[in-house]
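Reading through the structure tokens given below for one structure.
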Amino acid sequence: MRTRRIFIKRAGLSTLALSLPFSDTLSAMNFKKEDKVLRVAIMGLGSYGNRVAEAMVNCKRAKLVGVISGTPSKIEDWKKKYSIPDKNCYNYENFDQIKDNPDIDAVYVITPNSLHKPYSIRVAKAGKHVICEKPMALNAAEGREMVAACKAAGVHLLVGYRMHFEAKTMEVVRRQRAGEFGETLFFQGLSGFRIGDPTQWRLNYELAGGGSMMDIGIYSINGARYMLGEEPLWVTAQEMKTDPVKFKENVDETITFQMGFPSGAVASCLSTYSLNNLDKFFLNGTKGFAEMQPSTGYGPIKAWTNKGPIDAEHITHQTTQMDEMAAIILDGKKPMIPVDGEEGLRDLVIVDAIYQAVKTGEKEMIA
Ligand code: NAD
């Protein structure tokens with residue numbers, strides 16, 4: 001059997017964070033007045049960029065202070081809405097000059113996927129911390145370049161994995177690590193929505209780097225890893241296409257995939273652009289289970305276990321994410337579930353293996 005060996009390091013959950021009770025983990029979000037604030041410029045003022053900007057209004061440790069956009073009218077709107085000074089506004093041609101701007105600490109890259117790598121590397125070279133949306137890049141090779149560039153520049157590279165800071169998710173992960181479900185031997189991840197406009201960048205291979213797997217399936221990959229607390233050894237995958245006109249070559253509509261883990265656990269997942277409201281995680285162990293539905297949408301997230309519902313306040317995910325990312329960058333805080341470039345890279349290695357498995361029809365080895 002043909003196999004491909006891909007290297008992945010084991011996930012590094014912070015021992016400190018895991019030893020904290022749930023309430024203390026959350027209270028770590030209560031920041032003190034004298035704490036420094038992370039000054040952020042958003043690049044890409046589209047749908048998600050707008051969502052992040054609105055959420056940041058309620059941040060305590062992160063502040064939107066700048067924009068990078070190719071559309072002057074959007075810059076004008078944002079200047080008024082968020083009181084952004086002229087000197088903190090850039091376009092895609094001149095944003096390297098941000099290196100001379102002492103009032104911006106970090107740039108949040110929220111552009112189509114294929115621009116994540118080149119723009120993140122330019123930001124790093126300008127000496128600013130990089131926050132980049134998922135998928136971090138188009139493939140693992142690009143991801144490695146980004147990690148290396150940020151390391152060379154001495155800046156943080158963080159990925160917009162907002163679920164890593166979501167209270168109910170963190171509580172399920174804490175209980176799994178504490179052994180409350182026994183040996184967790186099965187994970188199911190279902191991630192999908194029905195995509196509209198056939199001309200959008202998400203259906204353009206050059207800009208998206210693939211189809212549903214890059215955009216929404218990555219939540220099931222990432223979820224399997226944080227819910228099980230292990231890194232997969234192998235993947236198998238199968239692709240289905242009902243509309244080859246809308247979903248052109250290399251743009252996947254639906255992929256089912258399976259992952260095998262060192263403990264013997266298996267994950268069975270579905271990624272699709274053809275079904276609405278598909279957003280469910282299920283974790284089963286020898287002593288109990290956890291179920292989340294919705295599991296990765298904007299919330300409120302619902303979670304319950306064999307012992308009953310998990311209750312936690314819903315806070316806008318992007319508000320918590322940006323405050324926590326400020327604490328990571330400014331205070332060196334170690335999050336319970338990592339959000340750094342290595343974490344983004346691990347998912348990309350698995351995405352590569354899944355696409356390879358679709359092509360070969362064979363089991364692709366990852367360790
Ligand atoms: P969008 O199309 O609404 O916005 C993209 C923005 O990039 C637009 O403002 C567009 O003008 C700009 N852009 C710059 N160069 C471009 C080019 N060459 N072609 C097209 N647009 C260009 O998309 P979005 O939904 O905001 O997604 C942006 C990124 O955010 C994607 O990587 C996506 O995966 C990610 N995202 C993450 C979440 C999350 O929950 N973490 C949710 C949605 C989107």
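Structure notes:
- Among the residues of the range 203-223, just one is surrounded by fewer than 20 Cβ atoms within 10 Å (Cβ to Cβ), in contact with a helix residue (DSSP H, G or I) (Cβ under 7 Å, 6 or more places away or on another chain) and not acidic (Asp, Glu), namely LEU207.
- Scope the range 228-247; condition under 21 Å from ALA290 (Cα atoms), of a type in the set (A, V, I, L, M, F, W, C) and in a loop (DSSP other than H, G, I, E, B); matching residues: none
- There is at least one residue in the range 161-171 that is over 21 Å from PHE289 (Cα atoms), assigned to a loop (DSSP other than H, G, I, E, B) and in contact (Cβ under 8 Å) with a residue 40 or more places away in the chain.
- Candidate set from the range 74-91 (those that are within 28 Å of the chain's Cα centre (by Cα) and more than 23 Å from MET325 (Cβ to Cβ)); member that is surrounded by the most Cβ atoms within 10 Å (Cβ to Cβ): ILE75
- Residue in the range 295-303 that is touching a Pro at 6+ places or on another chain (Cβ under 9 Å), surrounded by fewer than 18 Cβ atoms within 10 Å (Cβ to Cβ) and outside any strand (DSSP E or B) present: yes
- Assessment of the range 255-274 against the conditions (surrounded by fewer than 23 Cβ atoms within 10 Å (Cβ to Cβ) and within 30 Å of ALA41 (Cβ to Cβ)) yields no matching residue.
- Failed item in (1) in contact with a strand residue (DSSP E or B) (Cβ under 6 Å, 6 or more places away or on another chain); (2) not in a loop (DSSP other than H, G, I, E, B), with VAL155 passing the rest: (2)
- For the range 48-73, a residue qualifies if it is of a type in the set (Lys, Arg), outside any strand (DSSP E or B) and away from the ligand (no atom under 15 Å from the Cβ), and the qualifying residues are LYS60, ARG61.
- Extreme residue, nearest to the ligand (Cβ to nearest atom), among residues of the range 81-127 that are within 19 Å of GLY49 (Cα to Cα) and touching a Cys at 6+ places or on another chain (Cβ under 7 Å): HIS116
- Of residues in the range 126-144 being under 10 Å from the mean Cα position of the chain (by Cα) and either of a type in the set (Asp, Glu) or in a loop (DSSP other than H, G, I, E, B) (or both), the one nearest to GLN318 (Cα to Cα): GLU133
- Evaluation of SER114 against (1) in a helix (DSSP H, G or I); (2) without any contact (Cβ under 8 Å) to a residue 60 or more places away in the chain (one fails), failing number: (2)
- Any hit, the range 136-154, residues being within 17 Å of PHE281 (Cβ to Cβ), surrounded by fewer than 22 Cβ atoms within 10 Å (Cβ to Cβ) and within 15 Å of the ligand (Cβ to nearest atom): no
- Count of the range 192-201 residues which are touching a residue at least 24 places away in the same chain (Cβ under 8 Å) and not aromatic (Phe, Trp, Tyr): 4
- Only one entry of ASN222, ASN250 meets the criterion of being part of a helix (DSSP H, G or I), of a type outside the set (A, V, I, L, M, F, W, C) and either over 18 Å from THR111 (Cα atoms) or within 16 Å of the ligand (Cβ to nearest atom) (or both), and that entry is ASN222.
Bear in mind that the values in this text are calculations on the coordinates, not laboratory data. These numbers were taken from a predicted model, which means no experiment stands behind them. FYI the Cβ positions are ideal-geometry reconstructions off the backbone, even for glycines, and counts take in every protein chain you see.
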